[in-house]
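What follows is a short report on a single structure.
What follows draws every value from the coordinates through simple rules; no lab data is involved. None of these values were measured; they are calculated from a predicted model. Cβ atoms come from the backbone with ideal geometry, glycine included; neighbour counts cover every protein chain shown.
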Amino acid sequence: MPRGRCGGGRWGGSRGGDDASVRLSKKLSALLRHGIHEHGLSDCLSPDGYVPLARVLALRCFAGVLVTQVQEVVKANDKQRFRLKRSSDDCGFLIRANQGHSLGEGLDDDALLDRLVVAQGARILAVHGTYYTAWPAIRSEGLKRMQRRHIHLAEGLDATSGLRRSCELVIWVDVTAAAADGVIFYRSANGVILTSGEGGDGVLPPRYFACAVDQATGEELPLRP
């Protein structure tokens with residue numbers, strides 16, 4: 001059995017239930033988004049991101065975790081990071097992360113996500129939060145997916161998922177213009193807007209930026225150096 005860690009130390013411990021739930025949520029995120037292949041679950045990964053929960057709980061780093069505890073974490077997660085469902089043969093549960101994957105193999109975006117269709121005449125904007133340390137590079141080179149499968153955008157400033165609350169500035173992306181040029185966008189089950197960029201190369205160029213705004217002051221920032 002693979003012995004790698006699932007996003008940190010072992011799940012157990014003497015701290016309170018809330019802390020244990022947070023640790024379990026982080027371990028599930030680390031495994032389901034990034035660690036499927038490392039932990040020997042490639043053979044049971046479906047194109048839409050599901051793996052059998054029984055295989056997950058058989059991993060050493062989930063020793064002692066019960067199905068009911070996973071159910072509670074999935075239900076209570078405010079960002080709806082996970083989805084849990086019964087297998088079609090009713091032989092247990094399947095679990096997946098709804099978005100945020102870095103896995104390069106085994107997933108099919110059209111199975112995992114819903115393709116975003118822009119209606120004729122509609123203008124759709126989505127927002128990406130970032131920090132001033134990253135802004136010069138983003139402004140000149142565009143948004144990059146980095147180690148993830150996708151660039152992450154939120155549907156708005158009040159979105160539950162897809163936007164870090166600590167971000168210092170936000171970039172509004174003209175989804176309509178990018179989609180008209182052939183850029184493919186998806187919406188995850190928890191409402192995050194995702195794209196692999198222009199030509200699927202992992203970069204969304206700055207020409208699709210509608211505006212950038214300082215979160216503290218509301219001041220609009222210049223899009224050109």
| task | For the range 63-151, run through the GluC sites (Glu not before Pro) and keep only the ones in DSSP coil with at most 16 other Cβ atoms within 10 Å of their Cβ. | result | GLU105
| field | Degrees separating the helix 17-30 axis from the principal Cα axis of the chain, which is the longest one | value | 70 degrees
| query | Sequence-distant or interchain residues sharing an amide H contact under 5 Å with ALA210, placed H: which? | reply | TRP172, VAL173, ASP174
| query | Short version: ³J(HN,Hα) in whole Hz for each residue of the range 139-155, in order, from phi by Karplus 6.51 cos²θ - 1.76 cosθ + 1.60 (θ = phi - 60°), x for Gly and Pro, what are they? | reply | 4, 8, 10, x, 7, 10, 7, 6, 8, 8, 6, 9, 7, 9, 10, 10, 6
| message | Output wanted: per-residue J couplings in Hz (rounded whole) for the range 168-175, from phi through Karplus 6.51 cos²θ - 1.76 cosθ + 1.60, θ = phi - 60°, x for Gly and Pro. | response | 8, 8, 10, 10, 8, 9, 7, 5
| Could you give the length gained on full extension between GLU38 and ALA137, defined as 0.36 nm per residue of separation minus the Cα-Cα distance, in nm? | 32.5 nm
| So for the chain, what percent of the C-alpha to C-alpha distances run longer than 29 Å? | 33 percent
| request: Normalise the Cα radius of gyration of the range 68-149 by 2.2 N^0.38 Å (N = residues in it) and let me know the number. | output: 1.50
